[in-house]
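Okay, so here's the structure we're looking at.
The values are calculated or read from the model by the stated rules, or taken from the named source; none is laboratory data. No experiment lies behind these values; they were computed from the predicted model shown. Using ideal geometry, Cβ is built from the backbone for each residue, glycine included, and neighbour counts are taken over all protein chains shown. Calculation scope for accessible area: heavy atoms of the full protein, side chains included, ligands and nucleic acids excluded. Shrake-Rupley method; radii C 1.70, N 1.55, O 1.52, S 1.80 Å.
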Amino acid sequence: TRALIVAPTRELAEQIQVAATQLAKNTKIRTVAIYGGVSKRMQVQQLRRGAEIIVACPGRLLDHVGDGAINL
């Protein structure tokens, strides 16, 4: 992971992730959005595949750090 962007809401996290994906479309840079209200399992799978940019809401980010899925 090269960058961590913390967003206060899931809507903003998703918007940032979409913009980052569009900016990186001709590169091998991968992005993932981490926020509550959706399955943690799918997010963990995306993290295991590797992501250079993580866009996260604080609560779910701390959940993943506590579970060991993200090492900051």
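Within the stretch 49-72, track down each residue that is in a helix (DSSP H, G or I) and in contact (Cβ under 8 Å) with a residue 12 or more places away in the chain. Walk me through it before giving the result.
Keep residues of the stretch 49-72 that are in a helix (DSSP H, G or I), which gives 49, 58-67.
The answer is Arg49, Pro58, Gly59, Arg60, Leu61, Asp63, His64, Asp67.
Do we find that Ala20 is surrounded by 13 or more Cβ atoms within 10 Å (Cβ to Cβ), small (Gly, Ala, Ser) and touching a Ser or Thr at 6+ places or on another chain (Cβ under 7 Å) in this structure? Spell out the reasoning first.
Details: surrounded by 13 or more Cβ atoms within 10 Å (Cβ to Cβ): yes; small (Gly, Ala, Ser): yes; touching a Ser or Thr at 6+ places or on another chain (Cβ under 7 Å): yes.
In short, yes.
Of all the residues that make up the stretch 48-62, how many are out of contact with any helix residue (DSSP H, G or I) (no Cβ under 7 Å at 6 or more places or on another chain) and either charged (D, E, K, R) or closer than 15 Å to Thr1 by Cβ (or both)? Can you show your working first?
As a first pass, look at the stretch 48-62 and keep what is out of contact with any helix residue (DSSP H, G or I) (no Cβ under 7 Å at 6 or more places or on another chain): 48-52, 54, 58-62.
Retained after the next criterion (residues that are either charged (D, E, K, R) or closer than 15 Å to Thr1 by Cβ (or both)): 48-52, 54, 60-61.
Total meeting the criteria: 8.
Please indicate, with yes or no, whether at least one residue in the stretch 46-55 is open to solvent by 70 Å² or more (accessible area, probe 1.4 Å) and either in contact with a Phe, Trp or Tyr (Cβ under 6 Å, 6 or more places away or on another chain) or at pLDDT 95 or above (or both). First the steps, then the outcome.
As a first pass, look at the stretch 46-55 and keep what is open to solvent by 70 Å² or more (accessible area, probe 1.4 Å): 48-49.
Now narrow it down to the ones that are either in contact with a Phe, Trp or Tyr (Cβ under 6 Å, 6 or more places away or on another chain) or at pLDDT 95 or above (or both): none.
No: the stretch 46-55 contains no residue that is open to solvent by 70 Å² or more (accessible area, probe 1.4 Å) and either in contact with a Phe, Trp or Tyr (Cβ under 6 Å, 6 or more places away or on another chain) or at pLDDT 95 or above (or both).
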